[in-house]
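Undergrad: Below you will find the structure I want to go over with you.
We did not get these values from a lab; they are worked out from the coordinates using the rules stated. Keep in mind it's a predicted model, so treat the numbers as computed, not measured. With ideal geometry, Cβ positions are generated from the backbone for all residues, glycine too; neighbour counts draw on all protein chains shown.
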Amino acid sequence: MAATNVPTLFLDGALRIRWFSPALHTLFNVLPGDEGRPLAHITHRLRYHHLLRDAAQVMQTAEPYECEVRSETGDWHLMRILPYRTVEQQVDGAVVTFFDVTERKRAEAALLDLNLVLEQRVEERTLELARSNRELDQFAYVASHDLKAPLRAVSNLAEWIQKDNGDALLPASQEHLVKLRGRIERMERLLDDLLNYSRVGRQRHKL
């Protein structure tokens with residue numbers, strides 16, 4: 001236990017210090033002569049003040065307990081309290097160990113910061129896309145309506161030319177009118193599709 005460099009504390013049933021590893025000096029103000037002293041008389045450098053309560057609960061219930069605690073220097077430790085059992089399997093104290101998890105906590109904090117940045121960027125991108133979609137829907141709606149009137153005028157003009165000069169038109173002109181009607185019909189279908197797209201977009205925004 002002493003060679004592991006893990007701060008370790010053995011307590012007896014009365015919460016007195018039975019033994020501690022040399023590494024415990026990094027967290028508790030203990031001296032070699034403190035064995036046998038109540039733990040309540042020993043100061044420490046932890047931002048945690050429930051060790052006595054937790055150790056007493058472990059001895060009473062025989063259930064292990066662990067939590068993360070922070071030292072005054074900012075380091076994090078996983079505190080684990082186990083019941084100390086005799087050969088007869090009777091609980092006769094508790095063993096408290098402190099494992100340094102500072103690097104893991106820093107990695108978790110860095111990962112959390114990264115997640116927050118990514119979430120913010122995703123939210124910003126989503127808002128940009130939503131704004132672009134609204135602008136596109138608005139453009140599609142306006143364009144489809146604004147283009148239908150001149151397209152109808154062109155279609156009417158083609159009909160008038162056909163009625164007024166149908167028999168007198170040269171074959172080439174007749175062919176041009178046929179092509180013009182085909183292009184007008186194609187443009188009408190495109191405008192209808194554009195209008196339907198804008199309607200779907202408006203319904204999506206309402207939802």
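Undergrad: Using 0.36 nm times the number of residues separating residue 110 and residue 88, minus their current alpha carbon distance, what extension gain do you get?
TA: Extra length from residue 110 to residue 88 when fully extended: 3.2 nm.
Undergrad: Assuming 0.36 nm per residue, please report the length gained on full extension of the stretch residue 50 to residue 78 beyond their Cα-Cα distance.
TA: 8.7 nm
Undergrad: Still on this structure: Counting other C-beta atoms within 10 Å, and keeping those with at most 12, which DSSP coil GluC sites (Glu not before Pro) do you find in region 81-128?
TA: Sites meeting the loop and neighbour criteria: 88.
Undergrad: OK, next. Starting from the 7 Å offset along Cα-to-Cβ, what nm value, one decimal, do you get for the label separation of residue 102 and residue 190?
TA: 6.8
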